[in-house]
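Attaching a single structure in structure tokens format; questions to follow.
The values are calculated or read from the model by the stated rules, or taken from the named source; none is laboratory data. In this text, all values refer to a predicted model and were calculated from it rather than measured experimentally. A quick note on method: Cβ atoms are made from the backbone with ideal geometry, for glycine too, and the neighbour counts reach across all protein chains shown. Keep in mind that these areas ignore ligands, DNA and RNA; they rest on the heavy atoms of the full protein, side chains included. Shrake-Rupley method; radii C 1.70, N 1.55, O 1.52, S 1.80 Å.
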Amino acid sequence: MDTIFYNGIIRTMDRAYPQVSAMAVKDGVILRLGSDREILALKEPQTELVDLEGKLVLPGFCDSHLHILSYAIAKRQIPLADTGTFAEAARLCREDAEQARAEGRWVIGSNFNEGHWSDTHKMPDRHDLDAIAADVPIYLQRACSHIACLNTRALQLAGLWDERADTTRETMDFGPDGLPNGYVRENTVVRVRSGWQRYTVPEIRSLLEEGCRDAAAQGIVQIHSDDFNVIADGQFEDVLTAYRQLSEEGRLPIRVNEQVRFRTREQLQRFLDRGCRANDTFGRFKIGPVKFLCDGSLGSHSAALRQPYQNDPETRGILLFTDEELYALAELAYTNGFHLAAHCIGDAALEQMLNILERITCDFPSPDRRNGIIHCQIMDERQQERFREMNLVAYLQPVFIKEDAKIADSCVGTALCRQSYNWRRYGDLVVHMCGGSDCPVEPMDVLKNLYCAVTRKGDRDAAPWYPENGVTLEEAVAMFTWEGAYASYDEAQHGTLTVGKWADLVVLDRDIFTLPPEALLETQVLMTMVEGEVVYRR
């Protein structure tokens with residue numbers, strides 16, 4: 001026996017054997033579960049004994065939707081998430097501009113949220129950024145990642161300065177003078193990033209390894225990550241190479257299920273021509289679903305709604321595909337064995353994708369395709385019922401209510417909001433729900449996500465937001481453990497602490513099931529183990 005855990009509270013999330021005090025691990029696999037007496041009797045001379053001292057063990061957490069490469073890149077940019085004023089953000093950019101000017105590079109800031117600024121709630125336009133530095137290109141990306149702000153110099157270098165509203169094919173905004181106002185959205189954000197964001201394979205390896213180790217420190221043993229098209233539009237080769245090298249060298253600390261995102265059939269075909277196939281697995285790296293980005297975000301008013309925004313009646317958001325484009329891409333993916341996952345925040349994007357999924361599954365019947373919708377935010381009850389009818393997976397981010405509770409009602413009205421973000425009804429409909437953070441949009445903090453799922457509060461002092469739509473703590477933990485494994489077809493290997501499965505687990509410093517929900521905000525991860533290997537120890 002390699003390792004024996006004993007004297008603990010081991011909640012297996014397996015209903016057949018829900019709680020034990022001891023567990024034996026050999027060759028990375030859970031060999032026995034039982035009482036301290038039963039399991040300690042298996043001790044051999046080389047066995048490592050881990051006295052849990054009454055601490056809680058759970059299956060390791062799964063974050064079922066994030067962007068680990070984008071997260072690691074953002075750590076190297078100007079951090080704007082915690083700025084309380086635009087003046088503070090401007091000061092940080094101005095200080096960086098001095099060095100950027102000397103180095104001939106751009107000023108890059110990430111994760112700002114104008115709703116947190118006390119001196120203005122307006123996103124900075126090109127005039128605001130020109131006032132910081134007119135001769136240095138400035139690019140500031142909003143926390144949602146669906147919109148960025150550029151100064152005039154950045155617009156010029158990105159080849160966008162000569163675009164005009166009546167002729168442009170870009171997703172960008174224009175001011176009253178007819179000139180670009182500095183706001184670029186969706187696909188144009190990717191295009192702009194392609195102009196300055198270049199990394200070598202060794203640099204990508206370093207970024208991915210750092211991001212995955214940060215995830216392990218949060219008790220996460222598996223991530224479902226969207227990493228293609230980050231370095232440049234349509235670019236996946238270097239990222240794929242980096243992942244495979246890390247996995248082959250044993251340097252990938254956690255499991256990665258890649259959500260394969262492409263915008264066009266041509267991009268996906270190039271991926272297939274390279275020999276990549278659905279569910280290909282290379283150690284801890286796996287090719288997951290083909291992902292579609294169907295609309296934008298609520299905060300940037302680019303999430304596609306069926307009715308105009310109540311606080312912005314001139315827009316209904318942006319659908320990033322026509323029905324024909326979306327079906328053509330889905331058909332290529334589906335007929336090559338992939339299951340599908342789609343980013344849908346607005347109810348119009350959701351309706352479009354539900355119709356596409358219904359059509360594709362009728363045209364090409366196939367057993368056990370675990371298709372899903374990522375975010376599932378604005379919706380009505382009929383759309384939720386279609387999840388049950390089509391056996392779809394709901395990829396949820398409970399932590400989103402921290403910000404969305406402040407804006408969603410004003411965007412879509414209380415009647416629709418009451419039906420949206422409704423995790424309780426999903427549970428009652430027996431819809432598969434897996435949980436994620438969408439990091440770097442929100443931190444990879446599973447415990448905070450659990451708190452939001454149960455309390456429907458974004459933080460300790462917030463008022464509950466439609467609290468009747470919350471879930472139990474056991475349901476929330478399931479979202480971040482075995483439901484994540486189910487979404488990637490891995491529930492037979494991990495996701496519960498079951499004899500014969502990999503020893504993928506997290507040790508917490510307290511039993512969160514016996515304490516008030518607020519205790520989740522103070523709970524600490526003590527250890528993370530993947531396949532019997534300790535990948536994080538506090």
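Looking only at the stretch 489-535, how many residues end up being open to solvent by less than 10 Å² (accessible area, probe 1.4 Å) and over 21 Å from the mean Cα position of the chain (by Cα)?
So the answer is 6.
Let me ask another. Would you be able to say whether some residue in the stretch 121-135 is surrounded by fewer than 17 Cβ atoms within 10 Å (Cβ to Cβ) and under 15 Å from Ala81 (Cα atoms)?
Scanning the stretch 121-135 turns up at least one residue that is surrounded by fewer than 17 Cβ atoms within 10 Å (Cβ to Cβ) and under 15 Å from Ala81 (Cα atoms).
For the stretch 354-372: of the residues being among the charged types (D, E, K, R) and assigned to a loop (DSSP other than H, G, I, E, B), which is farthest from Glu325 (Cα to Cα)?
Taking the candidates together, the pick is Asp368.
Checking the conditions here, which among Gln222, Gln218, Gln245 is surrounded by 18 or more Cβ atoms within 10 Å (Cβ to Cβ) and in a loop (DSSP other than H, G, I, E, B)?
Values: Gln222 fails: in a loop (DSSP other than H, G, I, E, B); Gln245 fails: in a loop (DSSP other than H, G, I, E, B).
Unique residue meeting the criteria: Gln218.
Additional query: Step by step: first the residues of the stretch 10-28, then only those that are open to solvent by less than 40 Å² (accessible area, probe 1.4 Å) and in a strand (DSSP E or B), then the one that is nearest to Glu533 (Cα to Cα). Which residue is that?
Among those that are open to solvent by less than 40 Å² (accessible area, probe 1.4 Å) and in a strand (DSSP E or B), it is Val25.
So which of Ala72, Ala87, Ala102 ends up being part of a helix (DSSP H, G or I), closer than 30 Å to Arg153 by Cα and open to solvent by less than 40 Å² (accessible area, probe 1.4 Å)? Don't jump to the end; show me each part of the working.
On the way: Ala87 fails: open to solvent by less than 40 Å² (accessible area, probe 1.4 Å); Ala102 fails: open to solvent by less than 40 Å² (accessible area, probe 1.4 Å).
Criteria check complete, one pass: Ala72.
Is it true that Asn229 is touching a strand residue (DSSP E or B) at 6+ places or on another chain (Cβ under 6 Å), of a type in the set (S, T, N, Q), touching a residue at least 24 places away in the same chain (Cβ under 8 Å) and in a loop (DSSP other than H, G, I, E, B)?
yes
In the list Gln419, Gln384, which residue meets the criterion of being open to solvent by 10 Å² or more (accessible area, probe 1.4 Å), more than 16 Å from His343 (Cβ to Cβ) and free of Cβ contacts under 8 Å to residues at least 60 places away in the same chain?
Only one candidate passes the filter, namely Gln419.
Additional query: May I ask you to list pairs of residues, at least six apart or on different chains, whose Cβ atoms are under 8 Å apart, with the first in the stretch 32-49 being among the polar types (S, T, N, Q) and modelled with pLDDT of 95 or more and the second being open to solvent by less than 70 Å² (accessible area, probe 1.4 Å) and assigned to a loop (DSSP other than H, G, I, E, B)?
Between residues of the stretch 32-49 that are among the polar types (S, T, N, Q) and modelled with pLDDT of 95 or more and residues that are open to solvent by less than 70 Å² (accessible area, probe 1.4 Å) and assigned to a loop (DSSP other than H, G, I, E, B), the close pairs are Ser35/Ser21; Gln46/Asp2; Thr47/Met1; Thr47/Asp2.
Look through the stretch 275-320, keep the residues that are under 25 Å from Phe112 (Cα atoms) and of a type in the set (Gly, Ala, Ser), and return whichever of them is surrounded by the most Cβ atoms within 10 Å (Cβ to Cβ).
Going through the qualifying residues, I end up with Ala303.
Are any of the residues in the stretch 439-448 open to solvent by less than 50 Å² (accessible area, probe 1.4 Å), under 30 Å from Gly109 (Cα atoms) and in a strand (DSSP E or B)?
no
Here is a further query. Condition first: closer than 18 Å to Arg169 by Cα and either among the aliphatic types (A, V, I, L, M) or part of a loop (DSSP other than H, G, I, E, B) (or both). Now tell me which residues in the stretch 305-325 satisfy that.
Residues satisfying the conditions are Thr315, Gly317, Ile318, Leu319, Leu320, Phe321, Thr322.
Any residue at all in the stretch 252-268 that is touching a residue at least 12 places away in the same chain (Cβ under 8 Å), within 21 Å of the chain's Cα centre (by Cα) and open to solvent by 40 Å² or more (accessible area, probe 1.4 Å)?
Yes.
Looking at this structure, is Gly413 modelled with pLDDT of 95 or more, under 25 Å from Leu354 (Cβ atoms), small (Gly, Ala, Ser) and surrounded by fewer than 17 Cβ atoms within 10 Å (Cβ to Cβ)?
yes
A follow-up question, please. Of the residues in the stretch 450-473, how many are of a type in the set (Ser, Thr, Tyr) and either at pLDDT below 95 or assigned to a loop (DSSP other than H, G, I, E, B) (or both)?
So the count comes out to 2.
Next question, about the same structure. Could we say that Leu252 is modelled with pLDDT of 95 or more, under 29 Å from Ala216 (Cα atoms) and touching a helix residue (DSSP H, G or I) at 6+ places or on another chain (Cβ under 8 Å) here?
On the way: modelled with pLDDT of 95 or more: yes; under 29 Å from Ala216 (Cα atoms): yes; touching a helix residue (DSSP H, G or I) at 6+ places or on another chain (Cβ under 8 Å): yes.
When the stated conditions are applied, Leu252 passes them.
With the requirement that a residue be in a helix (DSSP H, G or I), within 32 Å of the chain's Cα centre (by Cα) and charged (D, E, K, R), what does the stretch 126-173 give you?
Across the stretch 126-173, the qualifying residues are Arg126, Asp128, Arg153.
From the list Thr171, Thr188, which residue is open to solvent by 10 Å² or more (accessible area, probe 1.4 Å) and of a type in the set (Val, Ile, Thr)?
Thr171
Considering only the stretch 184-199, state which residues are over 16 Å from Arg126 (Cβ atoms) and under 19 Å from the mean Cα position of the chain (by Cα).
Within the stretch 184-199, Glu186, Asn187, Val190 qualify.
May I pose another question? Starting from the stretch 422-449, keep only residues that are under 29 Å from Val230 (Cβ atoms) and of a type in the set (Ser, Thr, Tyr), then list their pairs with residues that are open to solvent by less than 20 Å² (accessible area, probe 1.4 Å) and in a loop (DSSP other than H, G, I, E, B) whose Cβ atoms are within a distance under 8 Å, requiring at least 6 positions of separation or different chains.
Ser437/Gln397; Ser437/Met444
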